[in-house]
Amino acid sequence: MNGPEIHVEFAPELLVFVPRARTTGATRAPADGVSTLGHVVESLGVPLTEVGALLVDGREVPVSHLPAAGESVTVRPVAHPQRVPGAPLRFLLDVHLGTLARRLRLLGVDTAYESTDIGDPALAARSASEKRVMLSRDRGLLRRRELWAGAFVYSTGPDEQLPYVLDRFRPELRPWTRCTACNGLLRAATKDEVADQLKNGTHRSYDVFAQCTDCGRVYWRGAHHDQLEAIVERALSRVAQGN
């Protein structure tokens, strides 16, 4: 690089975003006297949704700080659990996180999900209008200024994604209260009320049902219930250990 520079050191968990800093944990960036520190950090690859404290020569500064030549910057990750002030904690997931969306709904967490790719501008607008935390692996989406709040989902596997979200945000869990298909609330239903949606074997074998108050989908303890129960139990245990 030519011209004035700053030294930027990243916490280990943020190095996934900055390939050129992975060897030493740090890199250099230009200080043009115009770009804010937040802009500099994002230009190096780290979405601000993943940034906690920013330290300049040991003192904490806001993202609006204008870095000067020779400054030494430390970029720390978001603290866990992360608090999102100003609205009830609820989420919006993009098209690539369908399994995670269903598992959060299974746990009773208010989770909106777009099953088709509606584009980053529309997702960001929905996050803002409904005050939902945007969960995504799309770094460009998480850099959009209109987002209400956001978080990068580091793993590609649902078995790792769910514990990460639970650890990062500590949402209140109310298992078996939401429709995994549409996020609507469930209510207890009698067999007679839902008989027209049941096959003969289900009608004979089960007596306890729930129905979504939004889409009408019917639930019972079927063949996959043990697997779902295991997901719920692991989540409840993890949250209890973290409190």
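The values are calculated or read from the model by the stated rules, or taken from the named source; none is laboratory data. Because the structure is predicted, anything quoted here is derived from the model rather than measured. With ideal geometry, Cβ positions are generated from the backbone for all residues, glycine too; neighbour counts draw on all protein chains shown. Calculation scope for accessible area: heavy atoms of the full protein, side chains included, ligands and nucleic acids excluded. Shrake-Rupley method; radii C 1.70, N 1.55, O 1.52, S 1.80 Å.
Things to note:
- Lone qualifier among LEU48, LEU123 - being over 30 Å from GLU233 (Cβ atoms), without any contact (Cβ under 8 Å) to a residue 40 or more places away in the chain and aliphatic (A, V, I, L, M): LEU123
- Boolean, ALA151 is touching a Lys or Arg at 6+ places or on another chain (Cβ under 7 Å), of a type outside the set (Ser, Thr, Tyr), open to solvent by less than 30 Å² (accessible area, probe 1.4 Å) and more than 23 Å from LEU173 (Cα to Cα): no
- Residue among GLY25, GLY33 that is open to solvent by 20 Å² or more (accessible area, probe 1.4 Å), of a type outside the set (A, V, I, L, M) and more than 19 Å from GLY150 (Cα to Cα): GLY33
- Only residues that are part of a helix (DSSP H, G or I) and open to solvent by 30 Å² or more (accessible area, probe 1.4 Å) were counted in the range 98-142, giving 13.
- Residues satisfying the stated conditions in the range 154-189, i.e. of a type in the set (Val, Ile, Thr), closer than 26 Å to GLY119 by Cα and open to solvent by less than 40 Å² (accessible area, probe 1.4 Å): VAL165, THR180
- Residues of the range 143-164 classified as free of Cβ contacts under 8 Å to residues at least 12 places away in the same chain and either among the hydrophobic types (A, V, I, L, M, F, W, C) or not in a loop (DSSP other than H, G, I, E, B) (or both), total: 3
- Residue list for the range 36-76, filter: out of contact with any Lys or Arg (no Cβ under 6 Å at 6 or more places or on another chain), open to solvent by 30 Å² or more (accessible area, probe 1.4 Å) and not in a loop (DSSP other than H, G, I, E, B): HIS39, SER43, LEU48, ARG59, GLU60, SER72, THR74, ARG76
- Subset of the range 190-224 [more than 33 Å from the chain's Cα centre (by Cα), open to solvent by 90 Å² or more (accessible area, probe 1.4 Å) and modelled with pLDDT under 75]: LYS199, ASN200, ARG204, ASP207
- Looking only at the range 86-97, and only at residues there that are farther than 15 Å from LEU123 by Cα and surrounded by fewer than 17 Cβ atoms within 10 Å (Cβ to Cβ), the one that is farthest from the chain's Cα centre (by Cα): GLY86
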